[in-house]
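Working notes, beginning with the structure itself.
The values are calculated or read from the model by the stated rules, or taken from the named source; none is laboratory data. Note that this is a predicted model, so its numbers are computed, not measured. In this analysis, Cβ positions are derived from the backbone assuming ideal geometry, glycine residues included, and neighbour counts consider all displayed protein chains. Only protein heavy atoms, including side chains, enter the accessible area calculation; ligands, DNA and RNA are left aside. Shrake-Rupley method; radii C 1.70, N 1.55, O 1.52, S 1.80 Å.
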There are 2 protein chains.
Amino acid sequence: MKPIKRWMISLVVCVCSTFGMAAVRMENVEYQSSAGTFEGLLVYPADAETNLPGVLMIHNWMGVSEETRTQATRMAELGYVVFAADIYGKGVRPTTAEEALKLVGTYRADRKRFRERLQLGLETFRAQPGVDKNKIVAVGYCFGGTGVIELARSGADIQGVVSFHGGLDSPAPEDGRNIKASVLALHGADDPHVKAEDLAAFEEEMRVHKVDWQLVKYGNAVHSFTEKGAGDDNATGAAYNAKADARSFEDFKDFAREVLAGGQSSESPAQKP
Amino acid sequence: MKPIKRWMISLVVCVCSTFGMAAVRMENVEYQSSAGTFEGLLVYPADAETNLPGVLMIHNWMGVSEETRTQATRMAELGYVVFAADIYGKGVRPTTAEEALKLVGTYRADRKRFRERLQLGLETFRAQPGVDKNKIVAVGYCFGGTGVIELARSGADIQGVVSFHGGLDSPAPEDGRNIKASVLALHGADDPHVKAEDLAAFEEEMRVHKVDWQLVKYGNAVHSFTEKGAGDDNATGAAYNAKADARSFEDFKDFAREVLAGGQSSESPAQKP
């Protein structure tokens, strides 16, 4: 899936959205490849300067949604430009868990296609104005948490990936050798959707390939711990957990600050001969 | 070991020690119980106000040492008053690994004695001027990392414990039911001194007793990852790791900020009728 005929239309959807003290600027971004048309969401801090470090965000099983807008806003308020890529394709937005599960299954079974769409999202993000191409962290939730690790396994040249309650299994653990990004896996210690053997295999993959990796386990947290819409009943296997949400956001902040610090900026004189 | 005949002598050893921008004030504190005499180290931020939140620090296998002074200074520079308690007793400072191992073995085999000395350290800390008795986090390194979890298992009424590369095993996992403190275990993912089954048992103890717990695994890190004196050869099983050191310090900071925020201060009017 080479994005040979790609073009982009930016539609200003929301000039300024205020959440508390900070404000952000939000745009829908339509992009294409031979695989079809996609619709992502680009969020800038309201007082954005040029050449900002970026957060590539990969949505959960429901596609780009209100939940995505909430998380993207939260990160843009920190001073990052955020691009929520669209893996499913424009208009493909499941409305039931059944539909979502089916879609997730498709990409989990076809990692090549998953990676192509992740890479397309990354390239599209890099083509946006005001983004520092050399300072990008990818974050993802559940399905997207699997996605960002797949992006790293594809050899993407980004600074880091953060998986929030993502599936960590891999049909090809040898692909760990391609990982250049630092990896942070944020995991609910009681998440029934991540099997113990998959967690162990993930650790082994990271270890064998000497990846710069970290894993955080949040006690009493199950799947979807960042998502208020998941309710509060751990017995269902997926539930919001205010502590794990706040802690994982701090962990993201520390990680992004560290891996995006210093280094070569994409607009540095050295890159503009 | 009731501290019935306890008295304290504070010896001003170092009025002001400057490390970079911040400065601290350091004192040796001698204290006693029926078990003998102990000598801890009390470190205040140079510009200390009264009623500061406190960090109780439990030393590694070498006792209160230069390494302890370094770590205590680092935390006092954040604005905490730090008390490095003495578990071994005054003058008991091993000079070889063999001596240290023997001492560690004694306390690991006699958890009751270990807990008594941990509790004595905590009581001594609470009796110092300028400490907010109701805002205390205990941190420990290696042997001390085991110690702070034992302190929590003893039912200590403190806000949190942080174990840096500590042994996590327990001869009495049912004591997890006594834990009131939030628990943060910071662990080198390749630490050969913490067996996989002990790590699993620790997680199970936390889970069963619904402790507020978190575990962080730092990839490529072995035992002693915070200690520069441990060298840099992972093959020995203990080595300094700059990334894991910096990351674990950030994790400590986030945790302490969270668990010490708000709540009842020991000098609040409600406590002074």
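A few notes on this one:
- Over the protein assembly as shown, dividing the summed -39,500 (n - 2.57) contributions of all DSSP H runs of at least 4 residues by the number of residues returns a 222 nm mean residue ellipticity of -10000 deg cm²/dmol.
- Those GluC sites (Glu not before Pro) in segment A:48-155 that DSSP places in a loop and that have at most 14 other beta carbons within 10 Å: A:E49
- Total accessible surface hidden between A and B, rounded to 100 Å², 1.4 Å probe: 2000
- Alpha-carbon centroids, segment A:159-217 and segment B:79-120: separation in whole Å: 36
- Surface per residue (accessible, 1.4 Å probe) for segment B:50-263, Å²: 35
- Shielding by partners for peptide B:246-259, expressed as the average number of C-beta atoms from other protein chains within 10 Å of each residue's C-beta, is 3.
- Distances between equivalent label points of A:R177 across the copies, with each point positioned 7 Å along Cα→Cβ, amount to 5.2 nm, shortest listed first.
- With a Cα cut-off of under 19 Å and a minimum spacing of 8 residues unless on different chains, the lysine pairs in segment A:50-263 number 12.
- Each other residue within a Cβ distance under 13 Å of A:S248 adds +1 if Lys or Arg and -1 if Asp or Glu, for a net charge of -4.
- Averaged over peptide A:206-216, the number of partner chain Cβ atoms lying within 10 Å of each residue's Cβ comes to 4.
- Global geometry of chain A, whether rounded, prolate or oblate, following the gyration tensor of its Cα atoms and the 1.5 cut on a/c: rounded
- Charge tally around A:R111: other residues with Cβ under 13 Å, Lys/Arg +1 each, Asp/Glu -1 each, net 0.
- Sorted shortest first, the separations between the B:S34 label point and its copies elsewhere in the assembly read 8.4 nm; each point sits 7 Å from Cα along the Cα-to-Cβ line.
- With all protein chains in place and a 1.4 Å probe, the accessible surface of chain B carries 53 percent carbon and sulfur.
- For chain B, the membrane-span-like helix rule (DSSP H, alpha carbon extent of at least 24 Å along the helix axis, mean Kyte-Doolittle at least -1.0) picks out B:242-260; this says nothing about an actual membrane.
- Distance from the B-onto-A rotation axis is smallest for the Cβ of the chain B residue given, in whole Å, as B:V216, 2.
- Label point of A:E49 (7 Å along Cα→beta-carbon): distances to the other copies' equivalent points are 3.2 nm, sorted ascending.
- Exposed loop sites, defined as trypsin sites (Lys or Arg not before Pro) outside DSSP H, G, I, E and B with at most 13 other Cβ atoms within 10 Å, are absent from the longest region of chain B, namely B:6-179.
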